[in-house]
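Before any comments, here is the structure.
The values are calculated or read from the model by the stated rules, or taken from the named source; none is laboratory data. Quantities reported herein were computed from a predicted structural model and do not represent experimental measurements. For neighbour counting, all protein chains shown are included, and Cβ atoms are generated from backbone atoms with ideal geometry for every residue, glycine included.
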């Protein structure tokens, strides 16, 4: 009997609703579940000499047939970033976001802790930022704000994380001293808005939240544990062209494998008026400003003062 690849993919995903799998994981399941059909497929092809060749072919065919399968079965969905994950869900896009944010859904495969919340992403992001960019990061807790302007007076004002990049970490000490004395070009300041899941239902709200609370910084990024759908990524690229906010796909299983899908546009100057408002109304942001000032005064950043992973110490 010939292998019905589309049906096999759909049967596997519907049997594991809302769990996310790579094309290779699905191919390995098909190879183990339909051994006779797979061997017949290999025997009928001159290009497939080994089981490894066959597995790779299954992976490629799953990817190429995905658009047609999605048209026939709207519940079949994909994530963006590497590796792309496939899953089946009868939830609407907005219901998916609500489930993830309430802790009843997972941003990864069913093998990981489904209770990983947005706060669980912050240390993972700090690990990635330090390993990839050497950025010193700091958590900003909006609950530590004075909230003098009423319930919505500071809405979308505070980022989730902020960061400082030491541009002169490899400079000669004389150059460092000169720059510290005569300019403010020793650092770049970063801002991050973090979401567990971004899909078509919340993409614009999440993006403009990042625009709003990152307007003071040199670099502003929207960070997502999961991004669902090609149309979502297309929308983000369009919005980036107009506003310059970047996009990071955070790998919650291995933070070092996270990706900058859209690099942020650099703003040449810090908006100190906005920074002053944040520092005046939020103790965490005030502490961040103090740490940046301390860096300019001493030329050094103490790891213990920042949310830098212990592995860096």
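Can you find even one residue in the range 19-41 that is outside any helix (DSSP H, G or I), modelled with pLDDT of 90 or more and within 23 Å of residue 206 (Cβ to Cβ)?
The answer is yes; a qualifying residue exists.
Quickly run through the range 235-269 and pick out the residues that are within 16 Å of residue 124 (Cβ to Cβ) and assigned to a helix (DSSP H, G or I).
Once the filter is applied, which keeps residues that are within 16 Å of residue 124 (Cβ to Cβ) and assigned to a helix (DSSP H, G or I), the range 235-269 yields 255, 256, 257.
Here's the yes/no breakdown for (1) under 36 Å from the mean Cα position of the chain (by Cα); (2) surrounded by fewer than 18 Cβ atoms within 10 Å (Cβ to Cβ):
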site: 8; (1), (2): yes, no
site: 16; (1), (2): yes, yes
site: 28; (1), (2): yes, yes
site: 32; (1), (2): yes, yes
site: 43; (1), (2): no, yes
site: 53; (1), (2): yes, yes
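A quick yes/no check of all residues on (1) modelled with pLDDT of 95 or more; (2) outside any helix (DSSP H, G or I); (3) more than 30 Å from residue 230 (Cβ to Cβ):
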residue: 163; (1), (2), (3): yes, yes, no
residue: 168; (1), (2), (3): no, yes, yes
residue: 176; (1), (2), (3): no, no, yes
residue: 184; (1), (2), (3): no, yes, yes
residue: 190; (1), (2), (3): yes, yes, no
residue: 196; (1), (2), (3): no, yes, no
residue: 200; (1), (2), (3): no, yes, no
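For the subset of the range 212-231 comprising residues that are crowded, with 22+ Cβ neighbours inside 10 Å and more than 9 Å from the chain's Cα centre (by Cα), which member is farthest from residue 185 (Cα to Cα)? Let's see the steps before the verdict.
Filtering the range 212-231 for residues crowded, with 22+ Cβ neighbours inside 10 Å gives 213-214, 216-217, 219-228.
Right, trim to more than 9 Å from the chain's Cα centre (by Cα) and you get 213-214, 216-217, 219-221, 228.
Details: 213: 22, 214: 19, 216: 16, 217: 14, 219: 14, 220: 18, 221: 21, 228: 38 Å.
For the range 212-231, the residue satisfying everything is 228.
When you scan the range 273-283, do you find a residue that is in the same structural domain as residue 166 (by TED's automatic domain parsing), surrounded by 19 or more Cβ atoms within 10 Å (Cβ to Cβ) and within 23 Å of residue 117 (Cβ to Cβ), even just one?
The answer is yes; a qualifying residue exists.
Only one residue in 225, 229 is touching a strand residue (DSSP E or B) at 6+ places or on another chain (Cβ under 7 Å) and over 25 Å from residue 131 (Cβ atoms). Which one? First the steps, then the outcome.
Values: 225 fails: over 25 Å from residue 131 (Cβ atoms).
Exactly one residue qualifies, and that residue is 229.
Has the range 119-139 got any residue that is at pLDDT 80 or above, part of a loop (DSSP other than H, G, I, E, B) and within 24 Å of the chain's Cα centre (by Cα)? Before the answer, list the steps.
Filtering the range 119-139 for residues at pLDDT 80 or above gives 119-139.
Checking which are part of a loop (DSSP other than H, G, I, E, B) leaves us with 134.
Okay, now just the ones that are also within 24 Å of the chain's Cα centre (by Cα), so 134.
Looking through the range 119-139, at least one residue is at pLDDT 80 or above, part of a loop (DSSP other than H, G, I, E, B) and within 24 Å of the chain's Cα centre (by Cα).
Scan the range 69-86 and give yes if some residue there is within 17 Å of residue 7 (Cβ to Cβ), under 20 Å from the mean Cα position of the chain (by Cα), surrounded by 15 or more Cβ atoms within 10 Å (Cβ to Cβ) and touching a residue at least 12 places away in the same chain (Cβ under 8 Å), otherwise no.
Yes, the conditions are met somewhere in the range 69-86.
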